[in-house]
Amino acid sequence: MSDQGLRDSDRLEPVAGRDGVWLQDTDTNLMVINGVMVTDRLRVEDLRRVWHERVMQAGGGDRYHRFRKSIVEHRGRPHWREVENFDLADHIFEVNDPALRTKEGLQEYIGRQASVPLPFDRPPWQLQVIPEFGDGGTVVLSRLHHVLGDGMALVPVIFSMMDTGGVPVEKAMARQQVKTRGMRGKVWQMGLKASLLGGPLLAARAVQRPDRSLVHGQELSGTKKVSWTRPLSLSRIKEAKNKLGATVNDVLMTCIAGGFRHYADGHPEEDIGRLRVSMPVNVRSPSETPKMENKFAAVIFELPVHLPDLGQRLEETKRRMDALKRSAEPMIYYGAVNVLVKALPQGASRGLVDFYARKCSAVLTNVPGPRDPLSIAGQDVRSMLFWVPQRANIGLGISIFSFSDEVRIGIISDVAVVAEPDDLVAEIEAELERLYAHG
């Protein structure tokens, strides 16, 4: 990003502060959301055509205009600028490598790509098409920089390319998000709570000691590995949550907490200790349609990994999640970040955001997808998952994604923190089986 070549006639749009705070790629952590979609055999030409028609041309070309813009520095601030001679082939392209036809080869490739920066001389996004994978499948690896938007903004973009039986995907997503997004409680009540409790909460978080444990505190290497669970049956998880008097999210969070606890059992030389996660919470109102922006609060949530009993972990996870749903913490954190990015220079505001991030061992996010089977350009979508980026000295990201009747949990780790994320995935899957048998 530079001022070089800017002309007075260039149409520049300032990058909003809450988006610009993600322009902080480092040698060890890139602010890039990586995702994978596996379909029946899909041609790159068909993907380009669908993307052009449903994304680039949406709303007369205005709805997702950021996908045509690069980021330049102008007068010390980042700005969006329309790219001349934009070519979709620069962003949607094939990667032909026989080694990527297997899960192991794909896994290694995604880990390598997670450390490759996106170029900022053109719009910061890519869709890499791996034409042959497994049994007659195709993989689409999406790489989207966080400055473009958060998960709730970008997921509808991906799904806008897709079809579902009889119902447009965007309408299905909108119906579902009314039930799942936004904070619980009246706005004025949350605002009052935030004004009364904001200062004490932020002060208390400021003096908390950062996690120092098996999965946090090490110097990051910048080398990434990824892993993911097998397809987890959403119907079966719902049966378990009904039996246990919990929610789907309670069940999955409990499995992650138990997975960490049992992962630590394999490393008796170290204690898992306290384990806080930075958890993005959508702060859009229930009636708000997500736009291309970052509009979430990263709240700090402590997983009860210290409890030895599965039932106790589930009960405590549910208690803490219920308390978070009733609290004003998301509004407090979101408001604080907005104040910081407006009142302070970029370096100072980003430094303060990182100061709070360093308290945590991992980033953990949960994004709901459509419940119906999907297709793209006439080809069925078999599976989907993604990996959340990390900032500061966090070397571990955990992503939960539901699609149709499946749930996938993706893990991305710096090898200095978790050398083999497959091991952690195996423990999470085993904990889910124990939970099915519980009670």
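The values are calculated or read from the model by the stated rules, or taken from the named source; none is laboratory data. Every value quoted in this text rests on a predicted model; they were computed, and no experiment measured them. Note that we place each Cβ from the backbone using ideal geometry, even for glycine, and neighbour counts take in every protein chain shown. Note: accessible area is taken over every heavy atom of the protein model, side chains too, but ligands, DNA and RNA are not part of it. Shrake-Rupley method; radii C 1.70, N 1.55, O 1.52, S 1.80 Å.
What to note about this one:
- Every residue from segment 404-416 that is open to solvent by less than 10 Å² (accessible area, probe 1.4 Å) and within 30 Å of E45 (Cβ to Cβ): G410
- Positions within segment 350-359 being open to solvent by 30 Å² or more (accessible area, probe 1.4 Å) and at pLDDT 85 or above, in sequence order: R358
- Residue pairs whose Cβ atoms lie under 7 Å apart, separated by 6 or more positions or on different chains, with the first residue in segment 85-103 and free of Cβ contacts under 8 Å to residues at least 12 places away in the same chain and within 16 Å of D135 (Cα to Cα) and the second of a type in the set (G, A, S) and surrounded by 14 or more Cβ atoms within 10 Å (Cβ to Cβ), are A99/G105.
- Qualifying residue in segment 263-279 (condition: modelled with pLDDT of 85 or more, within 30 Å of R77 (Cα to Cα) and within 24 Å of the chain's Cα centre (by Cα)): yes
- Count of residues meeting criterion [buried (at least 16 other Cβ atoms within 10 Å of the Cβ) and in a strand (DSSP E or B)] in segment 124-139: 11
- Within segment 315-331, tally of residues that are outside any loop (DSSP other than H, G, I, E, B) and either touching a residue at least 60 places away in the same chain (Cβ under 8 Å) or surrounded by 19 or more Cβ atoms within 10 Å (Cβ to Cβ) (or both): 8
- Scanning segment 339-371 for residues that are under 30 Å from S383 (Cα atoms) and aliphatic (A, V, I, L, M) yields A362, V363, L364, V367.
- Summed over segment 381-402, the residues that are in contact with a Leu (Cβ under 9 Å, 6 or more places away or on another chain), more than 19 Å from V281 (Cα to Cα) and open to solvent by 10 Å² or more (accessible area, probe 1.4 Å) give a count of 3.
- Segment 32-79, residues that are aliphatic (A, V, I, L, M) and more than 16 Å from I376 (Cβ to Cβ): V32, I33, I71, V72
- Hits in segment 11-43 (condition: closer than 23 Å to A297 by Cβ, charged (D, E, K, R) and out of contact with any helix residue (DSSP H, G or I) (no Cβ under 7 Å at 6 or more places or on another chain)): D25
- Look at (1) surrounded by 24 or more Cβ atoms within 10 Å (Cβ to Cβ); (2) in contact with a Lys or Arg (Cβ under 6 Å, 6 or more places away or on another chain) and you find that A362 fails only one, number (2).
- For segment 44-53, a tally of residues being among the basic types (K, R) and out of contact with any helix residue (DSSP H, G or I) (no Cβ under 9 Å at 6 or more places or on another chain) returns 1.
- Selection from segment 417-439 of residues that are under 20 Å from I394 (Cα atoms) and open to solvent by 40 Å² or more (accessible area, probe 1.4 Å): A419, E420, D422, D423
- R143 within 28 Å of P78 (Cβ to Cβ), touching a strand residue (DSSP E or B) at 6+ places or on another chain (Cβ under 6 Å) and modelled with pLDDT under 90: no
- Residues of segment 332-349 satisfying the condition of being within 20 Å of P389 (Cα to Cα), open to solvent by 30 Å² or more (accessible area, probe 1.4 Å) and either at pLDDT 75 or above or of a type in the set (V, I, T) (or both): Y334, V337
- Meets criteria (at pLDDT 85 or above, surrounded by fewer than 22 Cβ atoms within 10 Å (Cβ to Cβ) and within 24 Å of V363 (Cβ to Cβ)) for S160: no
- Qualifying residue in segment 185-201 (condition: modelled with pLDDT under 95, part of a loop (DSSP other than H, G, I, E, B), surrounded by fewer than 20 Cβ atoms within 10 Å (Cβ to Cβ) and more than 21 Å from the chain's Cα centre (by Cα)): yes
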